[in-house]
Every structure is written in structure tokens, then in C-alpha cells.
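Visitor: Below you'll find the structure I mean.
Here, each number is a calculation from the coordinates, and none is a lab measurement. Small disclaimer: the values here were computed from a predicted structure and weren't measured. Backbone-built Cβ (ideal geometry, glycine too); neighbour counts: all protein chains shown.
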Amino acid sequence: MKARPGLRAAVRKRLADFCLEVNLACAPGELVALVGPSGAGKTTLLRCLAGLEIPDGGDIQFNGRTWSRGRRILCRPQQRGVGLLAQDAPLFPHMTVLRNVEFALDPGDGGPGPDMDALALLEELGVAHLAGRRPHEISGGERQRTALAQVLARRPRLLLLDEPFSALDVENRLALRQRLLALRDAAAVPILHVTHDLAEARALATRVVSLRCGREDPAWLARQMELLAREQGAEGGSPAPAYATPARAACAAS
């Protein structure tokens, strides 16, 4: 039987206050948004998929190849072809914007080779005019665009995004959303996107998965969507969104 393409994962990981237990699938060309309260296990899940943390149980498969089974790592992180972009994505401070992206293209570092154009990637993301500057000389939004170009330069087989737009201003956030939409529609790679912004999740995702206390909780998402609709329809002040409540407090009370 031919293996189903994309990511198929059953991850179990014991955390301080609860056990993360998630079954997840993401096909090529699909963008799955992961939402939920802070501390629900979303980042830990991404780190397990990337091979940066060891699960306590379950198995992770990609395109039919097993990456991990239980606590056994069968495919090292650098062999997985995963692109991970976080809110505080690091760039090499001593390198220019262009050199940061060119470094990702270097075949000696595991990149895909010279058939991709670093400057063209920067142009596509609107930061080519900053090619000669260093990270401390550009804004946070510009650094995040450069980091996205660096991740895309490696042509990842799986793209993991951990709130990469949350610290950006509205203009930069909307621009990067459009770039992600184009990537979702053009690239045949599975994308997992962690966000606290439910409107962003609805705009970008082909499917939204909500986690609370380490487990999928569709009822939590339904409540948040109801609150969001109520807030948007209100003429007065805007109440604080319920999804800002720390997960540890919510889990301890449940």
C-alpha cells in the first residue's frame, strides 16, 4: 500500500501540569492553524515535530517515513527538512540581510543549491532594498520577513510557524499573511501555524485545531468564536478575549 503523503503524528509528552496528547494529520498544500490558551502545549508540539524535543510516546511519520516512535528518534532534526519560524526568529548578527539568506542556500550547509535566488526571495518579501544592512539596522517586521526568506530558501518539506506575526504592526502582519496565503496555494508542503489570532486562523487555515490542556478541545474553539462574534457586533467597549487566560490556571480549575 502506498504511504499517504504529508504529516501524520500521534504525540504524547508529559508537561508540568498536564500530558500533551495530540493526533494530527496535515497534507501537502494544507495549512492547519493551531489555536488555544497560552501554555496549552502548542509550541511543545511543534518542537516535537521538528525533533527539538523528544516525545514520551506515540509516533511521527512524514511521507510514510517514521521520524520517531515512542522515545526513539529514527530521523535526526537536520534530516527532516523542517522549516521552523518563531516570533523571535534569530538571524546572524554579523551577516547582512542578503548573506543571511544566501547562507541558507549554501549546499555545504544542507541547502538546496544555487538554483534559488536569495535576492529574488528578498524582493518577493519586500526587503530587497535592505540587502546590505545587518539585522540590528532594520525593523522587527523587516527582520521577520528576512527570517521567512531564510526559512523558505531551504525549501522545507514541512513548515512550522510559531506565532511569527504576533509582535508585528498591522501593516507588516497583513503583508506577511498575504505571503503565507500565496505560499499555501502555491507550495505543496504541509504548514502548521500556531496563532492566538482567531481572525488570522480563519483567514489563513484550511482547518483549525484548538488545544486546551494538551488535548484537542473543539468546544473551546466554539466558545471563542461565539465571543469573537459578540465582540465584533458590540457597539461599546471591546472585552478582553477569553483565549488570553493562562492555560495552567484553566487546567488546574478543571
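Visitor: Non-local amide H neighbours of Arg133 (under 5 Å, H modeled in plane, Pro and chain starts lacking H): which ones?
Guide: Residues meeting the amide H criterion: Val97, Leu98.
Visitor: While we're on this one: Can you tally the net charge around Leu20? Count Lys and Arg as +1, Asp and Glu as -1, for every other residue whose Cβ sits under 13 Å from the Cβ of Leu20.
Guide: Numbers: positive: Arg12, Lys13, Arg14, Lys42, Arg47, Arg212, Arg215; negative: Asp17, Glu21, Glu53, Asp56, Glu216, Asp217.
Result for the neighbourhood of Leu20: +1.
Visitor: Ordered by residue, what ³J(HN,Hα) values in Hz, to whole numbers, does region 138-143 give under the Karplus form 6.51 cos²θ - 1.76 cosθ + 1.60, where θ = phi - 60° and Gly and Pro are x?
Guide: Ordered by residue, 3J(HN,Hα) equals 10, 7, x, x, 5, 5 Hz.
Visitor: Now for a separate question. Over region 84-156, one equal point on each Cα, no solvent: what is log10 I(q)/I(0) by the Debye formula at q = 0.28 Å⁻¹?
Guide: Result of the Debye calculation: -1.41.
Visitor: Could I ask something else about it? When Lys and Arg each count +1 and Asp and Glu each count -1, what net charge do the other residues less than 14 Å away from Phe165, Cβ to Cβ, add up to?
Guide: On the way: positive: Arg143, Arg145, Arg173, Arg177, Arg179; negative: Asp88, Glu142, Asp162, Glu163, Asp169, Glu171, Asp197, Glu200.
Around Phe165, the surrounding residues sum to -3.
Visitor: Here is a further query. Could you go through region 13-24 in sequence order and give the Karplus-derived ³J(HN,Hα) for each residue, using 6.51 cos²θ - 1.76 cosθ + 1.60 with θ = phi - 60°, rounded to whole Hz, and x for Gly and Pro?
Guide: Couplings: 8, 7, 10, 4, 10, 6, 10, 6, 9, 9, 10, 8 Hz.
Visitor: Compute the signed sum of charges (Lys and Arg +1, Asp and Glu -1) over the other residues within less than 11 Å, Cβ to Cβ, of Arg134.
Guide: Working: positive: Arg99, Arg133, Arg143; negative: Glu137.
My count for the surroundings of Arg134 gives +2.
Visitor: What ³J(HN,Hα) values, in whole Hz, does the Karplus curve 6.51 cos²θ - 1.76 cosθ + 1.60 give for region 31-45 when θ = phi - 60°, with x put for Gly and Pro?
Guide: 10, 9, 8, 9, 10, x, x, 4, x, 7, x, 5, 5, 4, 4
Visitor: Need the C-alpha centroid separation for region 50-88 versus region 119-136, integer Å.
Guide: After rounding, the separation between the Cα centres reads 31 Å.
Visitor: Compute the relative contact order of the chain as a whole-number percentage, counting only Cα pairs closer than 8 Å that sit 6 or more residues apart in sequence.
Guide: Details: 461 pairs, mean separation 73.4, N = 254.
Worked out over the chain, it gives 29 percent.
Visitor: Based on Cβ point charges of +1 for Lys and Arg and -1 for Asp and Glu, what charge dipole magnitude is obtained for the chain about its Cα centre, in debye rounded to the nearest 20?
Guide: Working: 33 positive and 28 negative charges, 231 e Å.
With Lys and Arg at +1 and Asp and Glu at -1, about 1120 debye.
Visitor: Out of residues 5 or more away from Leu74 or on other chains, whose amide H comes under 5 Å of its own, with H placed 1.01 Å from N in the peptide plane?
Guide: Here Ser68, Arg69 satisfy the definition.
Visitor: Return the label of the correct value of semi-axes √(5λ) of the Cα gyration tensor in Å, as calculated from the structure shown, out of (i) 34, 19, 15; (ii) 31, 20, 18; (iii) 30, 25, 16.
Guide: Only one listed value fits the structure, namely (iii).
Visitor: Check each of the trypsin sites (Lys or Arg not before Pro) in region 1-61 and keep only those in coil by DSSP with at most 10 other C-beta atoms within 10 angstrom; list them in order.
Guide: Taking region 1-61 and a limit of 10 other Cβ atoms within 10 Å, the loop trypsin sites (Lys or Arg not before Pro) found are Lys2.
Visitor: Can you find, among Val35, Leu20, Ala219, the residue sitting farthest towards the positive end of the charge dipole of the chain, where Lys and Arg contribute +1 and Asp and Glu -1 at Cβ?
Guide: Leu20
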